Amino acid sequence: MAEYLIKNGFVFDPVLGIRGDKADVAIKDGKIVETSALSSPKVIDATGKTVMAGGVDIHSHVAGPKVNVGRNFRPEDKLFGYKAKSGIERMQGGFSVPTTIRTGYNYARMGYTTVMEAAMPPLYARHTHEEMRDTPILDQGAYPVFGNNWFVLEYLKNNEIENAAAYIAWLLRATKGYAVKVVNPGGTEAWAWGLNCENVHDPVPYFDITPAQIVKGLIEANEYLGLPHSMHVHANNLGNPGNYTTTLDTFKLSEGIKPKSKFGRDQVMHHTHVQFHSYGGDSWANVESKAKDIMDYVNSHDNITIDMGQVTLDETTTMTADGPFEHHLTELNHLKWANADVELETGSGVVPYVYSPSIKVCAIQWAIGLELALLAKDPMRVFITTDHPNAGPFIRYPRVMKWLMSEEARKQQFDAFKHKDKVIDATNLAGIDRELDLYEIAQMTRAGPAKALGLSHMYGGLAPGLEADVAVYDFNPNEPYAPDDIEKAFLNAEHLFKTGVQVIRDHEIASNGNKRTLWVNAKVDENPQVMRDVKEKFLRYYTVTLNNYEVTGHYLPNPYVIEVDATE
Amino acid sequence: MTKTVTDVICPFCGTLCDDLEVVVSDDGKQLLEVYNACAIGAEKFLHSQAKDRLTRPRMRQEDGSWKEISYDEAIEYTARMLTDAKKPLMYGWSSTNCEAQAIGSEIGELVGAVMDNTATVCHGTSLIAVQDIGIPSCTLGEVKNRADRVVFWGCNPAHAHPRHMSRYSIFPRGFFTGKGHTGRKVIVVDPRPTDTASVADVHLQVEQGRDYELLNAFRVAFKGEQLPDVVAGIPKEKIYEAAETLKSGRFVIIFFGMGVTQSLGKNHNIDEAIAVTRDLNEYTKAAIMPMRGHYNVTGSGQVWGWLFGFPFAVDLSRGFARYNPGETTSNDLLARDEVDAVFVLGSDPGAHFPFNSVKKIYDRPSVAIDPHETPTTEVCKVHVPVAFVGVEVGGCAYRMDNVPIETRKVVEPPEGMMTDEEFLKRVLARVKEIQGV
């Protein structure tokens, strides 16, 4: 493989602790190496430019059944923005739910190289893998959902952590999944009867277990296995005024639990898109930011990580395994509603949504997301996301960076709101003058998420031995710049390397890379009871047979297996 | 000695049963018996064994007779036809696997084809309605485990999806439905007294073409508002009663078929049926599902969804994807002479398109890829027989509820026969050569 030397760039790397100093980055055989290890490298002159590791997205809905529902039921999402095929690039369409081809290319253009699909219904795992297979360049993994799974509900009701863990290990293997995802624990099972679980103590119909038991049990099972990533939760009561108490109640379920994983993470709970979970008030008339209360908790508990779920003020397509929430949303905005309940496992809904700067609540949501990141004491535990495409499309990440890095940019946005004064009254953002620097941005988009995923041995930094995922941006942090220059530069990487292959050269896609699919193979002691339960449920309640369930073979043409040994 | 292959997937209809057992000879070359399948499914497996089956491509001669040609010649003809055409139609894609669909899509992109599947004359109207109003749906296991109110509207699974009622919808005992069919109320809406209607608790014999009115009347009845004495041939008392039956259920499922999608009103009927389902969710839990026909028509919509963003009628001729049913749909293109070559794979438009469209296929350079001799192969210039997907080669297929299942290879294809995927890969390579890309 070709050797590369990226010379003289301003390097931002939390792993090596480099804060914008000039440094060289050397690439050989797909890995970062010491510069002395190169013999005749191709030299990339990065003088006056910013150099970072490839970005890592910990939570994004980019592949699978509900994403494709979003694509197929929104032809309007393709209007005006379709890009014709050209050179090695195939045709690309869609804005909030782009085609798989565009997903790969657009992440690459932003300098991202690893993207985790945030919710995979196990029965549809094959579909999710087919889409990931057809997404170029990116390394990807997918999180199967567990929070409404009948096996999990039954085991955890009786506090059978070991059985829950054995089932998790089995399902990760069957679906080639990466982590334990929990969406509206218990609430989506309740939605199969048109009901919901509105707080952590609201029992699940028939199963007689509470969301609190599900979350706590899954944290324990996750640590029993010692998986690379922690339990990854989207709590109950998303998107409702006054829901911050439910969020704090959910956070508290992690208290006293320490990580037992050899993958170097410090958290036992990752709570996703916290913006949607940080609302005060008791109606849309008096909804207000509770980001301070939320961040006080996060800042003082280092076994929790979160991501933002930043509202980008766009027309977008919401999609989540939180079935009851999407029904609630369609009643609110009266736009088209798709729902797909999945036998024994989960459910989901999809509804288009317009986050308008002229609507007070949307502007408040925008402010809350930014407050979370700006109130963070440890940027290694608070990550940039838009919960793509729920709060906005991922292509807006550079704009989110701009808002975080520039008080002026935030002020411009405040001035564009129709209800500016009301928004300022209901939030704290106008009183926050913090401006993040590129080192903190690198923590929130590279080193932090990589560590939380248990992948700091591969991604997130530029230390020798890590994967050679390197982005070069045409941005000089030492020269004066306008806020929009940030967005422009980070939307359009000048060079990008993925495991040592140059996939972007001079802002153009130069290669489709060597995409890998990550999954976790957790070994546990033989568990005859769980295997008997699996057989029984497939025989009696599933509509596919057990032998037709497991995803194998060509669905993962280039797998990367992370082995975990949880045997005794 | 014979071998029994279990958990075999049936490549016939959208029910995609995956519990078949197939007995094959010891050398794996002969398929002997099929268990658990319906009559149609069993026949699909068994007739792959026909002794007079075509195993090599053939080309129509000037005098109308067929001449056997090699696969290489068939690949050359197909690649030339597609690259020479200004706007070829690549139609079908419903009886093949997703792997072939994906390669076909890449060819379509290179040659600027219009990609269309059988939804164009089937559930395309449903797909349009979903774009208007969405679709609250579920997997078939949810129906089996929860549904206590089952509606079949304009469909006749007793004949078209023979195992649907026993596997998923009427008879099975699920987790919350331990009483099986005695715990379910079944309503059939159909102008005809079908075999499905004969097992229903209620048969609403709607006047033909009046489905929209009846669906709308249900929405009125849910709200307890006034109805005329008779709507669509049904007395209002029966409508109120049926509406009450649905509202009082724990879990309502509505299955619908071509009786509503291709009769007067078309996509508007489905709009209204989905609105009925949305309304029911105010009172209880309700879902709705199209009874998709071919075993993988759903899959082609999925593959094109993630590659292009549209489920059917995808026009790639301008270098990017356009979708405008009525303009980019197969029959409209053929009727207006807008396509200059026709490629058919995994479908039989010769049997199902209007005769005027079939004549247009006959008038053009045309290739049909199909294991069978069909009305379509009769009007095409080249016929390429291939291995049966789900019998002689595996690959992914999507059930009517979008659940993907990997079909199985149970028996060897006849010596030297290509699969859809192999043939398309060769065509793709040849197209790239011709175009110099």
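The values are calculated or read from the model by the stated rules, or taken from the named source; none is laboratory data. Please read all numbers here as calculations on a predicted model, not as lab measurements. Note: ideal-geometry Cβ built from the backbone for every residue, glycine included; neighbour counts use all protein chains shown. Only protein heavy atoms, including side chains, enter the accessible area calculation; ligands, DNA and RNA are left aside. Shrake-Rupley method; radii C 1.70, N 1.55, O 1.52, S 1.80 Å.
So which residues in the range B:99-153 are open to solvent by 10 Å² or more (accessible area, probe 1.4 Å), more than 9 Å from chain A (Cβ to nearest Cβ) and either in contact with a Cys (Cβ under 7 Å, 6 or more places away or on another chain) or of a type in the set (D, E, K, R) (or both)?
B:D148, B:R149
Quick one: count up the residues across the range A:553-568 that are in contact with a helix residue (DSSP H, G or I) (Cβ under 9 Å, 6 or more places away or on another chain) and within 14 Å of chain B (Cβ to nearest Cβ). Steps first, please.
Restricting attention to the range A:553-568, the residues satisfying the condition of being in contact with a helix residue (DSSP H, G or I) (Cβ under 9 Å, 6 or more places away or on another chain) are A:554-558, A:564, A:566.
Keeping just the survivors that are within 14 Å of chain B (Cβ to nearest Cβ) gives A:554-557.
Residues that pass the stated criteria total 4.
Yes or no, residue by residue, for (1) among the hydroxyl-bearing types (S, T, Y); (2) at pLDDT below 95; (3) open to solvent by less than 60 Å² (accessible area, probe 1.4 Å):
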| site | (1), (2), (3) |
| --- | --- |
| A:E494 | no, no, yes |
| A:T517 | yes, no, yes |
| A:K523 | no, no, no |
| A:V564 | no, no, yes |
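Within the group A:G111, A:G94, which residue is on the phi > 0 side of the Ramachandran plot, crowded, with 23+ Cβ neighbours inside 10 Å and within 8 Å of chain B (Cβ to nearest Cβ)? Quick ask: steps written out before the conclusion?
Details: A:G111 fails: within 8 Å of chain B (Cβ to nearest Cβ).
Every option except A:G94 fails the conditions.
What is the one condition in (1) more than 14 Å from chain B (Cβ to nearest Cβ); (2) open to solvent by 70 Å² or more (accessible area, probe 1.4 Å); (3) in contact with a strand residue (DSSP E or B) (Cβ under 7 Å, 6 or more places away or on another chain) that A:N547 does not satisfy?
The single condition A:N547 does not satisfy is (1).
Could you check the range B:215-240 and list, in sequence order, the residues that are among the aliphatic types (A, V, I, L, M) and more than 14 Å from B:I254 (Cα to Cα)?
Here is the first cut: in the range B:215-240, the residues among the aliphatic types (A, V, I, L, M) are B:215, B:217, B:220-221, B:227, B:230-232, B:234, B:239.
Passing the criteria: B:A217, B:V220, B:A221, B:L227, B:V230, B:V231, B:A232, B:I234, B:I239.
Looking at (1) away from chain A (no Cβ under 11 Å); (2) over 20 Å from the mean Cα position of the chain (by Cα); (3) outside any helix (DSSP H, G or I), which one does B:Y283 not meet, given that it meets all the others?
(1)
Could you please tell me which pairs satisfy a Cβ distance under 6 Å, a separation of 6+ or placement on different chains, a first residue in the range A:252-267 that is without any contact (Cβ under 8 Å) to a residue 40 or more places away in the chain, and a second residue that is surrounded by 14 or more Cβ atoms within 10 Å (Cβ to Cβ)?
Within 6 Å, the pairs are A:K260/A:E223; A:K260/A:G226.
What's the number of the condition B:E99 fails, among (1) within 17 Å of B:V431 (Cα to Cα); (2) touching a helix residue (DSSP H, G or I) at 6+ places or on another chain (Cβ under 6 Å)?
That leaves (1) as the condition not met.
Which ones in the range B:293-327 are more than 11 Å from every other protein chain (Cβ to nearest Cβ), under 23 Å from B:G257 (Cα atoms) and open to solvent by less than 10 Å² (accessible area, probe 1.4 Å)?
Hits for the range B:293-327 are B:Y295, B:N296, B:V297, B:S300.
Looking at this structure, is B:E373 in the same structural domain as B:T407 (by TED's automatic domain parsing) and open to solvent by less than 10 Å² (accessible area, probe 1.4 Å)? Let's see the steps before the verdict.
Values: in the same structural domain as B:T407 (by TED's automatic domain parsing): yes; open to solvent by less than 10 Å² (accessible area, probe 1.4 Å): no.
It is false that B:E373 is in the same structural domain as B:T407 (by TED's automatic domain parsing) and open to solvent by less than 10 Å² (accessible area, probe 1.4 Å).
Please pick out the residue among B:V437, B:V411 that is hydrophobic (A, V, I, L, M, F, W, C), at pLDDT below 95 and in a loop (DSSP other than H, G, I, E, B).
Values: B:V411 fails: at pLDDT below 95.
After ruling out the rest, the residue left standing is B:V437.
Looking at the range B:156-173, I want the residues that are outside the structural domain of B:T15 (by TED's automatic domain parsing) and under 20 Å from B:V252 (Cβ atoms) and have a partner that is open to solvent by 40 Å² or more (accessible area, probe 1.4 Å) and assigned to a helix (DSSP H, G or I) with Cβ atoms under 8 Å, at least 6 apart or on another chain. Which pairs are those?
Correct list of pairs: B:M165/B:V199; B:I170/B:H181; B:I170/B:V199; B:F171/B:H181; B:P172/B:S166.
Please work out if B:G346 is surrounded by fewer than 24 Cβ atoms within 10 Å (Cβ to Cβ), touching a residue at least 12 places away in the same chain (Cβ under 8 Å), more than 13 Å from chain A (Cβ to nearest Cβ) and closer than 26 Å to B:R399 by Cα.
Details: surrounded by fewer than 24 Cβ atoms within 10 Å (Cβ to Cβ): no; touching a residue at least 12 places away in the same chain (Cβ under 8 Å): yes; more than 13 Å from chain A (Cβ to nearest Cβ): yes; closer than 26 Å to B:R399 by Cα: yes.
Against the criterion (surrounded by fewer than 24 Cβ atoms within 10 Å (Cβ to Cβ), touching a residue at least 12 places away in the same chain (Cβ under 8 Å), more than 13 Å from chain A (Cβ to nearest Cβ) and closer than 26 Å to B:R399 by Cα), B:G346 does not qualify.
Return yes or no: is B:M59 in contact (Cβ under 8 Å) with a residue 12 or more places away in the chain and either farther than 28 Å from A:R133 by Cβ or open to solvent by 40 Å² or more (accessible area, probe 1.4 Å) (or both)?
Details: in contact (Cβ under 8 Å) with a residue 12 or more places away in the chain: yes; either farther than 28 Å from A:R133 by Cβ or open to solvent by 40 Å² or more (accessible area, probe 1.4 Å) (or both): yes.
Yes.
Could you please let me know if A:G48 is over 19 Å from the mean Cα position of the chain (by Cα), more than 30 Å from A:G347 (Cα to Cα), within 11 Å of chain B (Cβ to nearest Cβ) and in a loop (DSSP other than H, G, I, E, B)?
On the way: over 19 Å from the mean Cα position of the chain (by Cα): yes; more than 30 Å from A:G347 (Cα to Cα): yes; within 11 Å of chain B (Cβ to nearest Cβ): no; in a loop (DSSP other than H, G, I, E, B): yes.
For A:G48, the condition - over 19 Å from the mean Cα position of the chain (by Cα), more than 30 Å from A:G347 (Cα to Cα), within 11 Å of chain B (Cβ to nearest Cβ) and in a loop (DSSP other than H, G, I, E, B) - is not met.
Enumerate the pairs (first residue in the range A:92-108 and farther than 20 Å from A:I504 by Cα; second residue anywhere and of a type in the set (G, A, S) and buried (at least 24 other Cβ atoms within 10 Å of the Cβ)) with beta-carbon separation below 7 Å, excluding pairs fewer than 6 apart on the same chain, so at least 6 apart or on different chains.
A:G94/B:G309; A:V97/A:G70
Just to check your reading of the model, which residue among B:K29, B:K51, B:K86 is within 30 Å of A:A84 (Cα to Cα) and not in a helix (DSSP H, G or I)? Give the steps one after another, and end with the answer.
Details: B:K29 fails: within 30 Å of A:A84 (Cα to Cα); B:K51 fails: within 30 Å of A:A84 (Cα to Cα).
Of B:K29, B:K51, B:K86, the one residue that is within 30 Å of A:A84 (Cα to Cα) and not in a helix (DSSP H, G or I) is B:K86.
Inspect the range A:162-185 for any residue being over 21 Å from the mean Cα position of the chain (by Cα) and part of a loop (DSSP other than H, G, I, E, B) and give the result as yes or no.
No, there is no match, as no residue in the range A:162-185 is over 21 Å from the mean Cα position of the chain (by Cα) and part of a loop (DSSP other than H, G, I, E, B).
Does A:P136 satisfy being within 11 Å of another protein chain (Cβ to nearest Cβ) and of a type outside the set (D, E, K, R)? Step through it out loud before you land on a result.
Working: within 11 Å of another protein chain (Cβ to nearest Cβ): no; of a type outside the set (D, E, K, R): yes.
So A:P136 fails the test.
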